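The values are calculated or read from the model by the stated rules, or taken from the named source; none is laboratory data. Just so it is clear, the model here is predicted, and its values are computed rather than measured. No Cβ is skipped: glycine too gets one built from the backbone with ideal geometry, and neighbour counts run over all protein chains shown. The accessibility values were calculated without ligands, DNA or RNA, using every heavy atom of the protein model including side chains. Shrake-Rupley method; radii C 1.70, N 1.55, O 1.52, S 1.80 Å.
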Amino acid sequence: MPFLKKRLSLQKRIVFVVTAVTVSMLSTMLIFDTISLNQSIREAYVSQISGMTIAINGRYEESRSVTDVQQIFDYIQYKNTRVLEMKLYDKQGLVLAASNRSEVGNHMPLSRVVVPKQDQTIVDRVPMAETDKPVVRLTAPLQEDGLVVGAVEVIFDSSEEAALLTKRTKLILIVGLIVAIVMSTLLWLILRRIVIRPLSRLREAALIVKQGGDLPKLQFKASPEIAEVSEAFNDMVKNLDERYHELQQVLNTLQVTQDHLVQSEKMGSLGNLVAGVSHEINTPIGIGVTAVSYLDQKTKEFKSLYETGKMKKSDLEQFLSITQETNAMVQSNLERASSLVRSFKQISVDQSVEVKRTFHLKEYLEGIISSLKPTLKKTRLRVDVYCDNELTLYTYPGALSQIITNLVMNSLNHAYTIEEEGSLTIRVEDHQDYIILAYTDDGKGMTQEVLDQIFDPFFTTSRGKGGTGLGMNIVYNLVTQSLNGTIDGSSTLGQGSLFTITIPKEEEAVQ
């Protein structure tokens, strides 16, 4: 039932319990009083029939005359109008005398024949179906020479006793109900004053504290227990306020520290980029310097032949060939160095300065991978970029560069061993209002437990190897905050990992 499922208030519960206990006590009292009253009435019946049977037994034993007994029956009925019927019968149920003369000499039904033992009186009620008013049947033993030879039966009108019992029961019920109602009402008012109102104020105060409002000091004129609770609540609120300010200071400190760590992580990544690109640029510049030195040496040798007059046509042709080859080598290596410098310059500026601009996505992604080649050359990994050549994007390129760099470095550090071969793939799908950039590797993958925590700050599986646990947290923050996108990761242990990044498209504002 819905009523049973609904929880009652404390006040209603207490009142309900007390009322139930009171009603139970009153019911018990009523039962015992009824039993006691019935016992008293029974004893009165026994006393009355004892007097009658003594007279009847005395006359019967003295005269052995049924006529005398019949006269006693008439006399008793005349004196006591509540005696409705009297009967004297032997053990076989033969009616010897009766107030109803027509029954004399007849046999009673065996089911009606009751012969009590000596000094025993049987009191039982006649069913209401047999009479129109409450009556009782009183049966006492008929004695002759000290032996029970039959029984004397008296049908007695018990209307007065029944009315008395009913009146007594109603009185007890009315008094009990009045007492229960008065007690419940008083208890309700007392509980409301000393318990419910203070608890309601405590609840309102707790809601104020929950909402961050200022709470005045609580004071109750109630029971000592409620007063102690209010004092404890006041102390708790005071301590909560102090702890809140302490926690706020700690939180501010943690935020500043995290910002410093994130910035350090970005600068560390940029520093690695600088070191790698510097090493990469050294190769074409070194080749160019070597080629120019070689050309200078051949130029001096050719000049010496020219000054001594020993120069031949073949020497000129050889010098021209060497010059041409050396110029081509110097030019190609200088162009390669220049390309690296331009790529590094753009990516480093993008990572250092957060400025939106429009750029070709595939060209920029390839530039990021080129800047990572010094690191990738030390591994046996291959990076493939699949993207439409004409796809442009208006967003923060520095954020995108940091995202790709961190994803690649995360794969290098965690997904492969040093000598392990592998493939990293960047695949871009162009949609109407957004692009989906899927980054995958075929490394060792992650467990679900690691995947669930991979974007948490300071979580790393390489704590002893210098991991800070900020790389993927930076990726998450850059995607969700800088690019207003979403990122989702999935992985199967032993089968690699997939990170799906959704970036909304934006239109460049017209100046």
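Screening Gly58 on (1) at pLDDT 70 or above; (2) out of contact with any helix residue (DSSP H, G or I) (no Cβ under 7 Å at 6 or more places or on another chain); (3) over 26 Å from Ser158 (Cβ atoms) shows it passes everything except condition (1). Put simply, of Ser65, Ser24, Ser50 the only residue that is surrounded by fewer than 13 Cβ atoms within 10 Å (Cβ to Cβ) and at pLDDT below 70 is Ser65. In this structure, does Glu161 turn out to be under 26 Å from Gln39 (Cα atoms), modelled with pLDDT under 75, touching a helix residue (DSSP H, G or I) at 6+ places or on another chain (Cβ under 9 Å) and charged (D, E, K, R)? So Glu161 passes the test.
None of Lys444, Lys505 is closer than 17 Å to Thr425 by Cβ and modelled with pLDDT of 85 or more except Lys444.
Checked against the criteria, Ser184 does not count as open to solvent by 50 Å² or more (accessible area, probe 1.4 Å), at pLDDT 75 or above and part of a helix (DSSP H, G or I). Within region 97-114, if we keep just the residues that are of a type in the set (A, V, I, L, M, F, W, C) and open to solvent by 50 Å² or more (accessible area, probe 1.4 Å), the residue that is nearest to Ser158 (Cα to Cα) turns out to be Val114. Inspection of region 456-478 identifies at least one residue that is in a helix (DSSP H, G or I), modelled with pLDDT under 90 and of a type in the set (Ser, Thr, Tyr). Of the residues making up region 427-447, just one is of a type in the set (Lys, Arg) and in a loop (DSSP other than H, G, I, E, B), namely Lys444. Residues that are over 33 Å from the mean Cα position of the chain (by Cα), in a loop (DSSP other than H, G, I, E, B), more than 24 Å from Thr447 (Cα to Cα) and not small (Gly, Ala, Ser) do occur in region 480-496, at least one of them. Close contacts from region 178-207, counting a first residue that is touching a residue at least 24 places away in the same chain (Cβ under 8 Å) and a second that is open to solvent by 100 Å² or more (accessible area, probe 1.4 Å) and of a type in the set (Phe, Trp, Tyr), with Cβ to Cβ under 9 Å and a gap of 6+ residues or different chains, come to Ser184/Phe16.
Can you find a residue in region 167-181 that is small (Gly, Ala, Ser) and within 60 Å of the chain's Cα centre (by Cα)?
Yes, region 167-181 contains a residue that is small (Gly, Ala, Ser) and within 60 Å of the chain's Cα centre (by Cα).
Do the conditions hold for Leu437, that is, is it at pLDDT 85 or above and either at positive phi or touching a Ser or Thr at 6+ places or on another chain (Cβ under 7 Å) (or both)? Taking the combined requirement at face value, the residue does not satisfy it. No other residue among Thr283, Thr299, Thr290 is modelled with pLDDT of 80 or more, among the polar types (S, T, N, Q), assigned to a helix (DSSP H, G or I) and surrounded by 14 or more Cβ atoms within 10 Å (Cβ to Cβ) apart from Thr299.
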